[in-house]
Amino acid sequence: MKKLSKYLIALAIVGFLAVPAFSLPALAQGDPFGLNPVEQGVGDTLANGDPREMAGRIINVALGFLGLIAVVIILMGGFKWMTAGGNEDKVSEAKKLLGAGVIGLAIVLAAWAVSTFVINSIYNATTGT
């Protein structure tokens with residue numbers, strides 16, 4: 001079970017890191033090595049970006065990763081329960097995992113709601129909209 005959980009966590013991390021690679025736009029035909037975006041400072045996204053929006057993106061990515069971990073914990077608890085074979089010790093351990101995963105997911109969702117509210121409030125207060 002420990003090996004399976006390590007593999008699931010490693011798979012989640014690799015999947016999380018691989019998502020930006022698949023979301024990049026296709027390279028232009030005249031730029032086979034993708035050097036133009038590098039020379040232009042990645043479209044000025046880092047230099048001229050609004051710090052509030054960047055903070056919001058960072059918070060959303062971090063909370064999304066934590067939510068993914070909570071879902072993996074819930075899945076591990078369900079798997080452990082299904083493979084317990086009637087063993088009460090394994091069932092109680094699976095229930096603890098499920099409870100921890102649900103509580104973690106609730107905390108992540110609450111943190112997302114609070115951070116979204118705060119960032120939107122700060123944005124609206126500083127832009128005058």
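Here, each number is a calculation from the coordinates, and none is a lab measurement. These numbers come from a predicted model, not from an experiment. Here the Cβ positions follow ideal geometry from the backbone for every residue, glycine too, while neighbour counts run over all protein chains shown.
Partner lysines whose Cα lies under 18 Å from the Cα of Lys96, excluding those fewer than 8 positions away in the same chain, are identified as Lys2, Lys80.
If you take every residue apart from Leu97 with its C-beta less than 14 Å away from the C-beta of Leu97, what net charge results, scoring Lys and Arg +1 and Asp and Glu -1? It would help to have the intermediate numbers written out before the result.
Values: positive: Lys2, Lys80, Lys90, Lys95, Lys96; negative: Asp89, Glu93.
Computed value for this residue: +3.
For segment 80-129, the average shadow cast by the Cα convex hull is 3.9 nm², which is a quarter of the hull's surface. Under the simplified labelling scheme, the Val91-Lys3 pair shows an inter-label distance of 2.8 nm, with each label point 7 Å from Cα along Cα→Cβ.
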